[in-house]
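**Q** Once you've had a glance at the structure underneath, I'll fire off some questions.
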Amino acid sequence: MSGIYTKAGDSGETGLLGGSRILKDDIKVSCYGTIDEANSMIGVAYSITCHQEIKEILRGIQKKLFILGAELASDPKGRNSLREKVSKEDIQQLESIIDKYIEINGPLNEFLIPGETTGSSLLHVARTIVRRAERQTVSLNRTEPVREEVLKYMNRLSDTLFMLAREEARCAFVQEVKNRVLEKLNQGQHKTCLNLELAKKMAGAAEKKAAEIGVPIVFSVVDASGNLVLLHRMDDSLLVSIDISINKAYTAAAIRIPTHEVSPLVQPSAVLYGLQWTNSNKIVTFGGGYPLKENQHILGGIGVSGGTVEEDMIIASHVLKVFELERRD
């Protein structure tokens, strides 16, 4: 770029790609100017959200808006020189994003009031700006033909931003639930220590019960903060059972309920739907993990993996009995 100001627009005109000039209050200028406005607002939303997938989607949209804006800012000669234009594939990509987040968030049965979070609010503002650009482009189409793909892309884009706003709000809710759970967990920590000696006794009980059933397992113990205290792996146990065992123990301690009770809470439309995708995917929703409690205070959690879900739960339940007996001694 040679300079920020050229003085060529001082007379109230602006140049189009292709060489022709029009007044700055022309509807055509309003169209691509509003697209530029939407792009800027999407950039603000991008800078606010912590949702990595949303950030990637928004960045891709911003790049497409430069392409769309260039077409609207062109005269016939300029349009013929464009190397890239918004395509049917771009529209289909937006539709796939919409479908994905409808499946995650479910259908909307009432009006959604913007304002749940800063990120979602900014996406709603971007959505309304795109709607304005769409209306202006429809007006432009009466006097100057606009490709069908341009109008369809704008229409799908506003819907996409609406769904991203819902997803941003949902993720914020899930994080708030997590924070409250962890806050209560920290407040409820008891002075009684879950030590290595007790963890080893539980591991011995788990191995003995597993041997009786005939399944090699991995047994894990975490403290109230979810940190690993002990990992006990029997010979011939599956490699995949290591992470599963640790994550079962983590889930039980973090959410303070057995892992088999988590599944109903994270089904679509359930109050904690989406929690299973948080915490770096460490949340387990099938049986084999149990919290360790003393007078309702969380001391930690245990996790068993290696057999069927039922076998893991039998072994873990046996360990809980040993834990209770040891705590009484």
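**Q** Scan (1) open to solvent by 30 Å² or more (accessible area, probe 1.4 Å); (2) over 23 Å from the mean Cα position of the chain (by Cα); (3) in contact (Cβ under 8 Å) with a residue 12 or more places away in the chain for the single condition GLN276 breaks and write down its number.
**A** Going through (1) open to solvent by 30 Å² or more (accessible area, probe 1.4 Å); (2) over 23 Å from the mean Cα position of the chain (by Cα); (3) in contact (Cβ under 8 Å) with a residue 12 or more places away in the chain one by one, GLN276 breaks only (2).
**Q** Show the residue pairs that are 6+ apart or on different chains and have beta-carbon atoms under 7 Å apart, the first residue being within the stretch 137-148 and within 19 Å of SER87 (Cα to Cα), the second being among the hydroxyl-bearing types (Ser, Thr, Tyr) and open to solvent by less than 70 Å² (accessible area, probe 1.4 Å).
**A** What qualifies is VAL146/THR137.
**Q** Also, I was wondering about something else. Only one of these is of a type in the set (D, E, K, R), touching a Phe, Trp or Tyr at 6+ places or on another chain (Cβ under 8 Å) and at pLDDT below 95: GLU197, GLU167. Name it.
**A** GLU167 is the lone residue from the list that is of a type in the set (D, E, K, R), touching a Phe, Trp or Tyr at 6+ places or on another chain (Cβ under 8 Å) and at pLDDT below 95.
**Q** If you don't mind, there's one more thing I want to ask. May I ask you to list the residues in the stretch 308-321 that are out of contact with any His (no Cβ under 7 Å at 6 or more places or on another chain) and open to solvent by 30 Å² or more (accessible area, probe 1.4 Å)?
**A** THR308, VAL309, GLU310, GLU311, ILE314, SER317, HIS318, LEU320, LYS321
**Q** Name the residues in the stretch 256-273 that are part of a helix (DSSP H, G or I) and touching a Lys or Arg at 6+ places or on another chain (Cβ under 9 Å), would you?
**A** THR259
**Q** Which condition does LEU182 not pass, out of (1) more than 30 Å from VAL322 (Cβ to Cβ); (2) in contact (Cβ under 8 Å) with a residue 60 or more places away in the chain; (3) open to solvent by 50 Å² or more (accessible area, probe 1.4 Å), if it passes all the others?
**A** With (1) more than 30 Å from VAL322 (Cβ to Cβ); (2) in contact (Cβ under 8 Å) with a residue 60 or more places away in the chain; (3) open to solvent by 50 Å² or more (accessible area, probe 1.4 Å) applied to LEU182, the lone miss is (1).
**Q** With respect to LEU231, determine if the residue is touching a helix residue (DSSP H, G or I) at 6+ places or on another chain (Cβ under 8 Å) and at pLDDT 85 or above.
**A** Taking the combined requirement at face value, the residue satisfies it.
**Q** For the stretch 280-329, which positions are at positive phi and in a loop (DSSP other than H, G, I, E, B)?
**A** Residues satisfying the conditions are GLY288, ASN295, GLN296, GLY306.
**Q** Determine whether the stretch 209-231 contains at least one residue that is touching a Pro at 6+ places or on another chain (Cβ under 6 Å) and not in a helix (DSSP H, G or I).
**A** Among the residues of the stretch 209-231, not one is touching a Pro at 6+ places or on another chain (Cβ under 6 Å) and not in a helix (DSSP H, G or I), which makes the answer no.
**Q** Answer yes or no as to whether LYS77 is open to solvent by 30 Å² or more (accessible area, probe 1.4 Å) and either in contact with a helix residue (DSSP H, G or I) (Cβ under 8 Å, 6 or more places away or on another chain) or touching a residue at least 12 places away in the same chain (Cβ under 8 Å) (or both).
**A** yes
A quick yes/no check of all residues on (1) farther than 22 Å from LEU196 by Cα; (2) free of Cβ contacts under 8 Å to residues at least 24 places away in the same chain; (3) crowded, with 20+ Cβ neighbours inside 10 Å; (4) over 26 Å from the mean Cα position of the chain (by Cα):
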site: VAL221; (1), (2), (3), (4): no, no, yes, yes
site: ASN227; (1), (2), (3), (4): no, yes, no, no
site: MET234; (1), (2), (3), (4): no, no, no, yes
site: ASP243; (1), (2), (3), (4): no, yes, no, no
site: PRO264; (1), (2), (3), (4): yes, yes, no, no
site: PRO268; (1), (2), (3), (4): yes, no, no, no
site: LEU272; (1), (2), (3), (4): yes, no, no, no
site: SER280; (1), (2), (3), (4): yes, yes, no, no
site: PHE323; (1), (2), (3), (4): no, no, yes, yes
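**Q** Another one. Among what's in the stretch 17-59 and is touching a Gly at 6+ places or on another chain (Cβ under 6 Å) and modelled with pLDDT under 90, pick the residue that is least open to solvent (accessible area, probe 1.4 Å).
**A** Ranking the candidates gives GLY18 first.
The values are calculated or read from the model by the stated rules, or taken from the named source; none is laboratory data. Keep in mind that this is a model prediction, so the values were computed, not measured. Here the Cβ is made from the backbone with ideal geometry for all residues, glycine too, and neighbour counts use every protein chain on show. These area figures cover heavy atoms from the full protein model, side chains too; ligands, DNA and RNA do not enter into them. Shrake-Rupley method; radii C 1.70, N 1.55, O 1.52, S 1.80 Å.
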